[in-house]
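J.: Sharing a structure here in structure tokens format.
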Amino acid sequence: MLKGLKRGGLLVLRDLGVMGAVARSAWRQKRLLILCYHSLSVDQEHQWKRALFFTPEEFDERLELIGKHRLNVLTLEEGIRRLREGTLPDRSAILTFDDGTADFHDLVAPRLRRLGYPATVYVSTYYIEKGLPIFPLMISYVLWKGRHQHLGPDPDFGLNRAIDLSTREGRMEVERAIIARVTELGLSAGDRDAVAGRLAGRLGVDHAELGRRRVLQLMTPQEIASVAGQGFDVQLHTHRHRTPDDQQAFTEEILENRRRIEAMTGRAARHFCYPSGVYFPPCLGWLNGLGVVSGTTCVPGLATAESPSLLLPRLVDTAGLSPVELEGWLSGLSSVLPRRSTS
């Protein structure tokens, strides 16, 4: 109900011209909107996790809104520099994409090139050189696709009883059991993928077809090099998509991530995005010591000249955000409206 009221209020403010006035203001010119996207659906992922996936058609509508509101889409490097210098153009924005999924190369990059929009891709590198889907996500996705079934006892899956997959709780129980089992056995990435294939077979899901369509896969090293060659920025997201609270482990994540990205792109990797938005105070000093010059969060807001460089606010745009709500953020108006606490 509250969300509906908010949308209604934004529609009124837009129609009264308030949204446009904010977008044209000197106040907005001093602020930088950093937008976050994840992936486009190539199968049914948008039905499985709406917080992560747009359909290609939905993403096209997002790009149309960005064009309609005449945003100046800058590179990450330029946007941060001009934010500090106080020289931002009107309605400045940056487009970022997390994880480096295969659809960025296949679907997103061609769309951005046609519009002349730059973008930064924050890449986790572990699965890039494996050429395999991200195992925990694939297990979750296969269970969702088989959600109208029961899965019987199976020691290879760590299950000692039948479980109904029609409930989210049941699917999560199986997911946890399988991940615990493969971790206990110390299986390689290839062997884990074989487990996912066996699970898919049990549930009547075509694992080979998911592989052919590259569902839940990351770009290959060659594709990373290709998008970098097209002018897209490839930056740090840790090697294994995690934020360890131990300095040595955290440092190793960043250095390994950087080494691999720079080998693929031939360019410096010095900007960072916190995996799943997770961060804690000590890692700011660790990042600084590693020569990282910016860090983007998942905390919604517009960046100002006073925003800490390693804690830049970023709006995660999802399919749950209505077009008028996104318009509120593009104009800057939504950044000053009351929001529910996420604490």
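No value in this document is a laboratory result; all are computed from the given coordinates. All figures in this text were calculated on a predicted structure; none of them were measured in a lab. Please note: Cβ atoms are built from the backbone with ideal geometry, for glycine as well, and neighbour counts cover all protein chains shown.
J.: Suppose R0 equals 45 Å. What FRET efficiency, 1/(1 + (r/R0)^6) with r the Cβ-Cβ distance, do Thr87 and Leu187 give to the nearest 0.05?
T.: 0.30
J.: Still on this structure, please answer the following. I need the calculated FRET efficiency for the pair Glu169 and Glu57, taking r as the beta carbon distance and R₀ as 51 Å, to the nearest 0.05.
T.: 0.95
J.: Pull up the DSSP beta bridges for the chain and report the antiparallel fraction as a percent, rounded to 5.
T.: 15
J.: Taking every pair of alpha-carbon atoms in segment 135-212, what share in percent sits in each 5 Å bin, from 0 to the bin with the longest distance?
T.: 3, 17, 30, 28, 16, 5, 0
J.: Shifting gears a bit: Please report, in whole Å³, the volume per residue of the convex hull around the C-alpha atoms of segment 178-283.
T.: Once divided by residue count, the hull of segment 178-283 is 141 Å³.
J.: Another question, if that's okay. Pairing the Cα long axis of helix 135-145 with the longest principal axis of the chain, what angle in degrees results, from 0 to 90 and rounded to the nearest 10?
T.: Compared with the principal axis, the helix lies near 80 degrees.
J.: Same structure, new question: Once fully extended, how much extra length lies between Leu115 and Leu65, figured as 0.36 nm per residue of separation less the alpha-carbon to alpha-carbon distance?
T.: Additional length available on full extension: 16.8 nm.
J.: Oh, and also: May I ask you to evaluate 6.51 cos²θ - 1.76 cosθ + 1.60, the Karplus curve with θ = phi - 60°, for each residue of segment 71-79 and list the ³J(HN,Hα) values in order in whole Hz, giving x for glycine and proline?
T.: Couplings: 5, 8, 8, 10, 5, 4, 4, 5, x Hz.
J.: I would also like to ask the following. Rounded to whole Hz and in sequence order, give me ³J(HN,Hα) for segment 115-121 from the Karplus expression 6.51 cos²θ - 1.76 cosθ + 1.60, θ = phi - 60°, writing x for Gly and Pro.
T.: For segment 115-121, the Karplus-derived couplings read 8, x, 8, x, 7, 10, 10 Hz, x marking Gly and Pro.
J.: Write down the Kirkwood hydrodynamic radius of the chain, to one decimal in angstroms, obtained as one divided by the mean of 1/r over all alpha carbon pairs.
T.: Here the Kirkwood hydrodynamic radius works out to 21.4 Å.
J.: Further, regarding this structure: Treat the count of other C-beta atoms within 10 Å as a stand-in for reagent exposure and order Thr125, Thr304 from fewest to most.
T.: Ranked by crowding around the Cβ, least crowded first: Thr304, Thr125.
J.: Quick check: Cα centre of segment 1-76 to Cα centre of segment 127-175, how many Å?
T.: Taking the Cα centre of each part, segment 1-76 and segment 127-175 sit 33 Å apart.
J.: Here's a follow-up. Could you give me the radius of gyration and the Dmax of segment 3-75, taking only the C-alpha atoms into account and expressing both in angstrom?
T.: Just the Cα atoms of segment 3-75 yield Rg and Dmax of 15.2, 43 Å.
J.: Taking amide H positions as placed in the peptide plane 1.01 Å from N, state which residues far from Phe97 in sequence (5 or more) or on other chains have amide H under 5 Å from it.
T.: HN-HN under 5 Å from Phe97: Tyr37, Thr120, Val121, Tyr122.
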